[in-house]
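Data first, discussion second: the structure below is written as C-alpha cells.
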Amino acid sequence: MQASVSTVLAVLAGIPAGFLLVIYGGRGKNTIISLLLVTYVMPGIIMALGIISLFGYSSRFWEIIYGNIAYNAPLIAVLSFATGSSTSLPEVYSAKILGATDGEILRRFYLKNLLRGGLLGALMTFILSFEGFSLPLIIGGPSYSTIEVLIYQFKSVFPSLTDFPFSNASFLGVIQVIILLIPLYLYVSVRSNALRSSSSFQNPFFRYRKKSFIPLVLFTVLVYAPLLFMFVKYPPWGIDYSRIAAKLGISIPMIIANTIYFSFASTFISFLISIFLSLYRQGRMGNTFLLLPLILSPVTLALSFFLVYGTYVPTSLLVIIIFSIIVLPLSFRMITQSLDTVPPSEGNSSRILGDGRVSSLFRIQLPRIGGEISTVLSIAFITVMGQFASIVTVYTRSAQTITIGIYRLLQLRDITSAYGLTEIFLVVIFISSYIINTMGRARSGIGSEA
C-alpha cells in the first residue's frame, strides 16, 4: 500500500515538474536540478526526523507517503526531463506548420517522451518505496513495518528471541525478491525510442520559460520543506565541528574525504562497466540479470560480501565494491536508455567508414548523449553518497562516511550535532551534484536550450 500510493502521487507531481524543466531555460536550471537530485539521496533517517519535527506524529501513514514523494518525485522529474528533452524538434515544427496547437504538440510529441522517463521513475519509486526502511522504521512503528524493516529486526533485534534469526531474514529476503521481480521486468521492458533533438531548432514552448519558474520553485520547496525546517531550527552557524570530531573519533575533513572518495570511485567503476556492458547487451533476459541488485536488500548484500570477503579485502575497497554493485543497475539502465535515443544511422555510418564497435561508441554515440551522461553521473554519484543501509554493516572507524557519522551521533543522542553534520552533508552533496551537472551540460552544449 505504501509503495503503490507513493508511486501514484510521485508520478502526478514529478512528470509535470519534468515538463517545466524542459520549458525552463534560465540560468538557475542546473541549480534546480541539483537541488532535486539532492533529495533523492537524503538519508532516510534524516528525512524522517525532519518530518517528525515538522508534523509530529499527526498521521503516520501520510507522513511516510510524504517522505516517499519527497524522495522520488524529484527523480521522476529529472528522468522525465531527460527523455522529454530528446523530443524531435524538426517533427514538432513540421506539425506546427501544418496547424498543430501547443496542446496537440504537448500531447502528441512531448507527453510520450515524458511518460517514458516518468514510467522508469515510477517503477524505481515502487521498488524503492517497497524496500522502504528508515521512514517506516522511525515514523511508522509496528503498524507500518515493511519487509525491509522486518529483515533488519531479524538481524539486529530478534536473534535473542528466536533460534533461527538469519533463516527468517533470508526467507523474507526471498519473498521481497520474488515480489519485486514483476516491477523489475516492467522496468527492463520500458524502452525509449525518441531521437536526438536538433540544436538548430528552438524549443516551441520557449516563450513560457519565465512562467515555468515559479511552479518549479514551488515544487522544490514542497519536497524540501522538512529540510528547510531543520535549517531554521538548527542554524548552520551553530555547528560545533570540534564536538562532532571528538564524538566520532575522526576529523570532519577526513569524513568528507571518505564520502567523496567512495562515491567517486564507485561511480567511475559502475560507469565504465555500464559502458562496456552497453556494447554487448544480450537482450531482455541479460538486462534483467544485470538489474537484479535493484531488488536485493542493501543490508543483505553488504553483509554477504562482508562475511565472504571481509577477511581478505580491505574495508575501503570492500565498501567501493558494494557501492559499485548497488549503483550499477541504475547507471547501466540510464546509459542504455540514452544510447537508444541516438539514431542508428549515425553509428552505422561510422562503422562503414572503418570504426570498430568501441571507437564508434566513443567517437560518435557517447558525445551525442553528453547531457544525459552528466545526469547519469550525478544521480549515480549522489546515490552512493547517500548510502547508509549497506555501509553501516561493514564500516570501520577509519572508513566512516557522513551518513554513518549522522547515525552514530543519533545513537549517542546528540541531536544538535546530528543535524549539524546533516547540513554539512547537504552542502557537500549539492556542490558535488552541481559541478557534475554544470560540467556535463556545458560540454554537451545543451545547457539552456534543452
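The values are calculated or read from the model by the stated rules, or taken from the named source; none is laboratory data. Bear in mind the structure is a predicted one, so any value in this text is a computation, not a measurement. Don't worry about glycine lacking a Cβ; one is built from the backbone with ideal geometry, like all the others, and counts go over all protein chains shown.
What the table shows:
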quantity: Phe109, sole failed condition from (1) in contact (Cβ under 8 Å) with a residue 40 or more places away in the chain; (2) of a type in the set (Phe, Trp, Tyr); (3) over 22 Å from Thr7 (Cα atoms); calculated: (1)
quantity: Test: Arg333 is closer than 19 Å to Gly117 by Cβ, at pLDDT 70 or above, of a type in the set (D, E, K, R) and part of a helix (DSSP H, G or I); calculated: yes
quantity: Subset tally (residues that are within 21 Å of the chain's Cα centre (by Cα) and part of a loop (DSSP other than H, G, I, E, B)) for the range 364-408; calculated: 7
quantity: Every residue from the range 355-388 that is of a type in the set (Ser, Thr, Tyr) and crowded, with 22+ Cβ neighbours inside 10 Å; calculated: Ser374, Thr375, Ser378, Thr383
quantity: All positions within the range 255-274 that are in contact (Cβ under 8 Å) with a residue 60 or more places away in the chain and surrounded by fewer than 20 Cβ atoms within 10 Å (Cβ to Cβ); calculated: Ile256, Ile260, Phe264
quantity: Residue check, Ile436 under 27 Å from Gly84 (Cα atoms), aliphatic (A, V, I, L, M), at pLDDT below 75 and within 19 Å of the chain's Cα centre (by Cα); calculated: yes
quantity: Search result, residues across the range 101-138 that are β-branched (Val, Ile, Thr) and over 20 Å from Ala13 (Cβ atoms); calculated: Thr101, Ile105, Ile138
